[in-house]
Amino acid sequence: MFKKKNFIAPLAVILALTSLSTGASAAKNNSGSNNVERTAVIKSVQIGEQNISYKVRDSVGKAKNPDRTFLLIHGASANLLSTDSLAEELGKKFEKAQIVQIDLPAHGLSKGPVLSSVYDMADVVAKFVEQGRESGEFANRVVIAGISMGGALAQTLAVRNIEGLEKLVLISTSPEWKHFGFLSGYTGEEFNKMYPGMIEDDYAVNTTPEQQAEFHLWFPKLIPAEETSLGDIQALIGFNIVNDLNKITKKTLIIHGDADQSAPYANAKLMASTIKKATLVTIPGETHTWSMKQPAKAAELIYNFVK
């Protein structure tokens, strides 16, 4: 359970985030509340051998009684910083919700053995959700939003139908990654040298030179240790949940760019046709990193799905 002895002291507390207005007379509209004062606290919890770091964003005055928790799961060779913009935008839309961003094992500030299996990572995340709900830190209802490899974990958790799962959001992900088989010969060092250029090329589609320059400065903060990147490669190559997609019973939103070359659009259509209660939203002309380029659009689509 999430007892005090399991936590380290918060590393950061941010009141009245600069991207969020704190006006008391915040106006509401059909797109949700755009002016919500929030706290953002980085914590950690011990789960077996893993010390898991996560960021919790609670709305001021609602912190003790959120109506649902959004859990954002980042992709391979990244950390929770990659979900910051989406978390902020979701916080503007869902006034009473709690937004939680997790650093997967051995990513970001999380400490512990590197895991090379999506299924093993999902075991840790399932326990993380269970402990959070049992302790009362998280709401009983949990919406899981997974991006890329995080979407693979989200699919796995939905197939298992973990307790408390309300709805599922799958962003730029796939039910299998056999097309990444060519990476099997890479070392972690080689992948970490190649990966930034690959992602920056992807991000350059439909963005301005100014946006690209900012991304170039920010992206290196995501890159994990070489051993972690190698574990992620092995996890993706070894993942295939195609035959279990029909076991997902929760309402599912699939958001995918039709120019995604990392998670081919055909796989998004496969998920949409196999998951019983799935809705596919296509982002025309967009690539794998579209949700980092357009976090407000992603939040709007999620809001319309969950509300």
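The values are calculated or read from the model by the stated rules, or taken from the named source; none is laboratory data. Please read all numbers here as calculations on a predicted model, not as lab measurements. Methodologically, a virtual Cβ is constructed for each residue, glycine included, from the backbone with ideal geometry; neighbour enumeration extends over all protein chains shown. Surface accessibility is based on the protein's heavy atoms, side chains included, excluding ligands, DNA and RNA. Shrake-Rupley method; radii C 1.70, N 1.55, O 1.52, S 1.80 Å.
Quick notes
- Relative contact order computed over segment 71-194 (Cα-Cα under 8 Å; 6+ residues apart), in percent: 24
- For G238, no residue whose modelled amide H falls within less than 5 Å of its own remains once neighbours fewer than 5 places apart on the same chain are excluded.
- Residues with amide H under 5 Å from that of I248, placed H, sequence gap 5 or more: K276
- Looking at the chain, the DSSP beta bridges with both ends there are about 45 percent antiparallel.
- Screening the chain for whole DSSP H helices of 15 Å or more along their axis (Cα) with average Kyte-Doolittle hydropathy at least 0.0 returns 149-160, 226-237, 295-306.
- From phi via Karplus (6.51, -1.76, 1.60), per-residue ³J(HN,Hα) for segment 50-57 in Hz, x at Gly/Pro: 9, 9, 9, 8, 7, 10, 10, 10
- Amide H contacts of D260 (H built 1.01 Å from N, under 5 Å, at least 5 apart or other chain): Y265
- Residues E49 and T274, FRET efficiency given R0 of 45 Å [Cβ-Cβ distance, rounded to 0.05]: 0.85
- The 1.4 Å probe gives accessible areas that order L280, L109, L165, largest first, as L109, L280, L165.
- Dimensions in Å of segment 189-307 - Rg and Dmax from alpha carbons: 16.1, 44
- Convex hull of Cα atoms in the chain, direction-averaged projection (nm²): 14.6
- Integer Hz, Karplus 6.51/-1.76/1.60 couplings in order for segment 137-143, x for Gly and Pro: 6, 9, 6, 5, 8, 10, 9
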